[in-house]
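Visitor: There's a structure below that I have some questions on.
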Amino acid sequence: MTTTEPRTTTTHDPVAVEIHRRALDAITNEMAITLTRTSGSPVIYDVQDFATSLLDTSGEQLSLSATILFHSGSSLMGTRAIIDTVGDREVRPGDGWIVNDPYTGGAMHQADVAIITPLFYRGGHIGWAFANVHVLDTGGLGISGFAPTAHSILEEGLRFPPTRIISDGRIEPEWERYIAANVRIPDLVLNDLRSMIAANNVAQTKLVELIDRFGLETHQEYSTINKQLSEKALRARISRLPDGVYRTCDWIEYDGHGEELLLEVSCELTVSGSELNFVFDGAPQVNAFVNGTPGLVHGSLMSTVMTTLCYGDLPFNSGVWWPITVNFARAGTVVNATEPVPVTGAHAIAGTKVTKMVKDVLNQALALSEDEELRGRVAAQSWDAAGLSPLVGAGLGGIPTVVFFMDAVGGGGGGAQTPGDGLDTYGMTISPGVSLPSVEVNESKQPALYLWRKLDVNSGGPGTHRGGQSLDFAWAVHGTDQLQGAVTIGCAETPARGAGGGLPAATGTWSSIHDTNVAERMSGGSTVVEDTLTGERPRRPSNIAGLTLSEGDVLHMRCGAGGGLGDPLLREPGAVARDVHDEYITQDHARTAYGVVLDPSGAPDVAATDSRRRTMRQARLGGEPVREQRSPESMGISVVLSPPGNGDQRWLCGYCRADLGEITRNWREAARRDEQPVVDRFDRLGMFVRRRSAEPRVMSAEYYCPSCAGLLVADIYPEGFPGYTAPSLAT
């Protein structure tokens, strides 16, 4: 095992350094509060789609207040792009730059607009303030920044490489007029830009107060020390992962141009001592809005590292980046696109696939760690996708409006974890601070009436710990004649995967219902629920533009859920019974997914459950298991290594310790395999996945221990895929 020593510094007062760090965090938090109090957009003050950061003069991060974690990447790259643009020219107090270009400014997509301003102390330039919000419109085809049918970035709307539009603390009038002329709701967009200026002004004021307290030299010294401490802590965790190479793949779905595409992307992680090296590759870039750029990949990757390895107790700053390298196998792919392909859906599509792949390769390494704490970080995938429906029309009072509800951003289920079931309506790994929008706020601001918003039954991936349930909601156009726009939803055909023998989760989908009975039922004093709603429901692609919804028409969305952790046949029958009672799952799902049979009172029938589970294990192997399946020593870890020191190490079943072969081979070769189309598997489980109408089919392959019938892994891939590999461990 190689070791890279962290950067070191002189002896310091740990209490003073920690007080200084928390003061920096407090500044970025106060910047965030300023955004929520000055923005007029519910996306900001209600849902909290924003981030703030402080950086030093070299563009290294000092602190981050992020409900959207992937701005760990855009703040870094956007600020450094400005530094490169400015060069040797002097920056002045009151200057400010706008950045939203994914190609030149590290932006996640064009609607995530950043305002970056220099910070000063007694006339000297000492750093940068970064604020980023999702603005409600950027012009072009990209209503609210999404253009599902664009063929080029030139169609997608306003695009700002690092551009100085602010002087003396105000947006220059020429730039105000230019922006206003190119967006659908100029007042709201310009107000959000001013909100970011206000947030950065807070950073200037509070940082001066902090430096007055500590002194400039001490501020700079403590900032360096805190970066070194974060680096040291992360390196210590990485060093407890087994050296080796870990690989995975995933597939981007896109059908907005008529053809149903599945575009392969891949991630390779090399763990070497205290360093992580990621290499990404993918299918050639396409003329569709799904392509990703390096800034997006960095931010999506760091979101997963922060939630998996930092897990809340490791302060974020540039020191977290130092043990990590990110490389691309080549340019011109869907994860490393080059101009002019469109990118407005990059963060919600390519980026979320990066998030899932990083989760997968880290899971593989965590599961084999000798450290119990790290093994406890294994978790199933979350849905990590989004359903978005940006629409334009006449709002309440006839004023032009952009309708952009984010229920299907915060409504995805979270992956099951070692302590318990996944979180319901978890949202996305990249945005843990984003809230479900308030129904009352949405209805009071927009011509919409919610008909229902509920948890989707049977959505969470079955497992010893169940995946988090997802959101099912519908709203009707109400109070305006017509809305027009686009709809997109990701991961409708490729479910979020489970881990350690957990099953995949239900996926998301959307539909529009026309010529409904909403007005009729409401005029009669009746509610409208899914069972009573009638109307025409045409089958549509997952990604469309040009959708028209008239008064009374309904938009219905189901979010995807989180994968399960551990074999479902090991879930406590009482927990399954509670899920049935709480209407999380149906009785039939309890029987088919978990092997749990309930008596007439709703309690588990112990004898019938034991018999059912025994029959299911026999069906897995085509005969009686020769070993007993036991709970694994570490929750959610179904394949382990034999103890070192007794010759060459081998793969073992985590349930019964049966031999699964040499570690130089893929342990899947020794397992019993059951492959079938995922739509067929989910039909039997009473779970939803969107059925493709084109080849290749999406397949499910479950691998069982040949001795105890324990479920080792449930893979998802397109038909014809050669299969996933096992880790290549250093010897």
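The values are calculated or read from the model by the stated rules, or taken from the named source; none is laboratory data. For clarity, every value in this text was computed on a predicted model and none was experimentally measured. Reconstructed Cβ throughout: ideal geometry from the backbone, glycine too, with neighbour counts over all protein chains shown.
Visitor: What's the total number of residues in segment 90-120 that are of a type in the set (Gly, Ala, Ser) and closer than 19 Å to Pro173 by Cα?
Guide: Number of matching residues: 3.
Visitor: Can I ask one more? Name the residue that is farthest from Gly654 (Cα to Cα), counting only residues in segment 539-579 that are acidic (Asp, Glu) and assigned to a loop (DSSP other than H, G, I, E, B).
Guide: Selected residue: Glu551.
Visitor: Whether any residue in segment 191-210 is in contact with a Ser or Thr (Cβ under 9 Å, 6 or more places away or on another chain), buried (at least 17 other Cβ atoms within 10 Å of the Cβ) and assigned to a loop (DSSP other than H, G, I, E, B) is what I want to check.
Guide: no
Table: residues versus (1) within 30 Å of Ala619 (Cβ to Cβ); (2) modelled with pLDDT under 95; (3) of a type in the set (D, E, K, R).
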{"position": "Leu533", "(1), (2), (3)": "no, no, no"}
{"position": "Pro538", "(1), (2), (3)": "no, no, no"}
{"position": "Thr548", "(1), (2), (3)": "no, no, no"}
{"position": "Leu555", "(1), (2), (3)": "no, no, no"}
{"position": "Glu583", "(1), (2), (3)": "yes, no, yes"}
{"position": "Ala590", "(1), (2), (3)": "yes, no, no"}
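Visitor: From the list Phe328, Phe278, exactly one residue is without any contact (Cβ under 8 Å) to a residue 60 or more places away in the chain and surrounded by fewer than 24 Cβ atoms within 10 Å (Cβ to Cβ). Which is it?
Guide: Details: Phe278 fails: without any contact (Cβ under 8 Å) to a residue 60 or more places away in the chain.
Among Phe328, Phe278, only Phe328 is without any contact (Cβ under 8 Å) to a residue 60 or more places away in the chain and surrounded by fewer than 24 Cβ atoms within 10 Å (Cβ to Cβ).
Visitor: Return a yes/no flag: does segment 255-269 have any residue that is closer than 17 Å to Pro323 by Cα and of a type outside the set (Lys, Arg).
Guide: Yes, segment 255-269 has at least one match.
Visitor: Continuing with the same structure: Taking the stated definitions as given, is Glu583 surrounded by fewer than 20 Cβ atoms within 10 Å (Cβ to Cβ) and at positive phi? Step through it out loud before you land on a result.
Guide: On the way: surrounded by fewer than 20 Cβ atoms within 10 Å (Cβ to Cβ): yes; at positive phi: yes.
Here the answer is yes, as Glu583 does meet what is asked.
Visitor: Separate question: If I go through segment 643-672 residue by residue, how many of them are among the small types (Gly, Ala, Ser), surrounded by 13 or more Cβ atoms within 10 Å (Cβ to Cβ) and either over 19 Å from Leu374 (Cβ atoms) or modelled with pLDDT under 95 (or both)?
Guide: The total comes to 4.
Visitor: Any idea which residue in segment 97-114 is surrounded by the fewest Cβ atoms within 10 Å (Cβ to Cβ), counting only those that are touching a strand residue (DSSP E or B) at 6+ places or on another chain (Cβ under 7 Å) and over 11 Å from Pro162 (Cβ atoms)?
Guide: Among them, the one singled out is Val113.
Visitor: So if I check each of Ser512, Ser470, Ser438, which one is crowded, with 24+ Cβ neighbours inside 10 Å and either among the polar types (S, T, N, Q) or on the phi > 0 side of the Ramachandran plot (or both)?
Guide: When all the criteria are applied, what remains is Ser470.
Visitor: A follow-up question, please. Filter segment 139-181 down to the residues that are in contact with a helix residue (DSSP H, G or I) (Cβ under 9 Å, 6 or more places away or on another chain), in a loop (DSSP other than H, G, I, E, B) and without any contact (Cβ under 8 Å) to a residue 60 or more places away in the chain and list them by number.
Guide: Gly139, Gly140, Leu158, Arg159
Visitor: Another question, then. For segment 673-681, does any single residue satisfy the condition of being more than 26 Å from the chain's Cα centre (by Cα) and farther than 30 Å from Cys559 by Cβ?
Guide: So in segment 673-681, the residues more than 26 Å from the chain's Cα centre (by Cα) come out as 673-676, 680.
Right, trim to farther than 30 Å from Cys559 by Cβ and you get 673.
Yes, segment 673-681 contains at least one residue that is more than 26 Å from the chain's Cα centre (by Cα) and farther than 30 Å from Cys559 by Cβ.
Visitor: When the residues of segment 676-698 are filtered to those that are out of contact with any helix residue (DSSP H, G or I) (no Cβ under 8 Å at 6 or more places or on another chain) and closer than 22 Å to Gly566 by Cβ, which remaining residue is surrounded by the most Cβ atoms within 10 Å (Cβ to Cβ)?
Guide: Going through the qualifying residues, I end up with Val678.
Visitor: Ok, one more. Spot the failing condition for Gly106; the list is (1) part of a loop (DSSP other than H, G, I, E, B); (2) modelled with pLDDT of 95 or more; (3) on the phi < 0 side of the Ramachandran plot, and only one is missed.
Guide: Condition not satisfied by Gly106: (3).
Visitor: Further question: Ala701 versus (1) free of Cβ contacts under 8 Å to residues at least 40 places away in the same chain; (2) surrounded by fewer than 20 Cβ atoms within 10 Å (Cβ to Cβ); (3) under 18 Å from Thr248 (Cβ atoms): which is the lone unmet condition?
Guide: Just one mismatch for Ala701, condition (2).
Visitor: Which numbered condition in (1) in contact (Cβ under 8 Å) with a residue 40 or more places away in the chain; (2) exposed (fewer than 14 other Cβ atoms within 10 Å of the Cβ) is the only one that Asp567 fails?
Guide: In the conditions (1) in contact (Cβ under 8 Å) with a residue 40 or more places away in the chain; (2) exposed (fewer than 14 other Cβ atoms within 10 Å of the Cβ), Asp567 misses (2) alone.
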